[in-house]
Amino acid sequence: QRDFDEAIGEFRARGETRGAGEAMVELASASWFRGETDRKRALLTQAIELLEREPPGRELALAYTHSAADHMVANRSPDCAVWSEKALALAEDLGLDAEAIRARQLRGLARCQLNDLVGGLADLREALRLSLDLGLGNETIRSYGNLGDWVWVVEGPAQALDVKRAGIEFGERRGLTLPVMWAKAETLWPLF
């Protein structure tokens, strides 16, 4: 945490707004893992305010995506939908494929939670397709998991397990231990 604070200070001292903003987003993410959600939200707000003063860049797309994810985890689907739309539009404009996939997943999750199951599932399936096409590792496993969660709601637990197990197999073939373990743990819900 101290390293991030020092980096933010150094970037600001040198007038490197984008570097400071990205370091703030990374510190926000680390704060979330430490259970410091208020600090995470404050850092994301500050980072977005800082980065929106600059020409749009990768750092701002990252901040928008993290904000959408924060709203999704907090079960604030309308806010997640707004931020994921902003993140997706910017990431696509800038050609940031992985960031666009993550934003599309978040938009899909928000749409499903807001009862647009057709649109939400379409987003989640498209995110998975794009992840596979680009050969992304962790993002592909996450895409399988998110899709599986909503396939469970719409089609049932057996179909959800098929989707989740496909993600596990994908990750195991690539040696992606942490996301595979996460995906295996998430199979408990449809199994129950």
- prompt: Each residue of the stretch 167-184 in order: what ³J(HN,Hα) in whole Hz does its phi give by Karplus 6.51 cos²θ - 1.76 cosθ + 1.60, θ = phi - 60°, with x for Gly and Pro?
  reply: x, 5, 4, 4, x, 5, 5, 9, x, 8, 4, 4, x, 5, 5, 4, 4, 5
query: Sorted by average packing, counted as other Cβ atoms within 10 angstrom per residue and highest first, what order do 114-124, 137-147 take?
result: 137-147, 114-124
message: Using a 1.4 Å probe on the protein heavy atoms, what percent of the accessible area of the stretch 1-106 belongs to carbon and sulfur?
response: 49
- line: If every Lys and Arg gets +1 and every Asp and Glu gets -1 at its Cβ, then about the Cα centre the stretch 1-144 yields a dipole, in debye to the nearest 20, of 360
- prompt: Residue-wise, which Karplus ³J(HN,Hα) couplings in Hz belong to the stretch 124-135, taking 6.51 cos²θ - 1.76 cosθ + 1.60, θ = phi - 60°, and x for glycine or proline?
  reply: 5, 5, 5, 4, 5, 4, 5, 4, 5, 4, 8, x
field: Carbon + sulfur, % of accessible area of the stretch 123-172 - ligands and nucleic acids excluded, 1.4 Å
entry: 51
task: Excluding residues fewer than 8 places away in the same chain, name every one of the lysines whose C-alpha is closer than 21 Å to that of residue 184.
output: 164
message: Can you order the peptides 6-19, 159-172 by their average number of other Cβ atoms within 10 Å per residue, highest first?
response: 159-172, 6-19
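Grab the DSSP H runs of the chain that are 4 residues or longer, score each as -39,500 (n - 2.57), total them, divide by all residues and round the 222 nm result to the nearest 500 deg cm²/dmol.
Details: 11 runs with 163 residues, N = 192.
After summing the helix terms and dividing by residue count, I get -27500 deg cm²/dmol.
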query: Between rounded, prolate and oblate, where does the stretch 129-192 land on the alpha carbon gyration tensor, with a ≥ b ≥ c its root eigenvalues, rounded for a/c under 1.5, else prolate if a/b exceeds b/c?
result: oblate
field: the stretch 96-170, Cα convex hull volume normalised per residue, Å³
entry: 65
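Solvent-accessible area per residue for the chain at a 1.4 Å probe radius, Å²? Don't jump to the answer; show the numbers that get you there.
On the way: 9880 Å² over 192 residues.
Normalised by residue count, the accessible surface of the chain is 51 Å².
The values are calculated or read from the model by the stated rules, or taken from the named source; none is laboratory data. Quick caveat, the model's predicted, so the values are computed rather than measured. Cβ sites come from the backbone with ideal geometry, for glycine too, and all protein chains shown count toward neighbours. Each accessible area value is taken on the protein alone, full model and side chains, heavy atoms only, with ligands, DNA and RNA left out. Shrake-Rupley method; radii C 1.70, N 1.55, O 1.52, S 1.80 Å.
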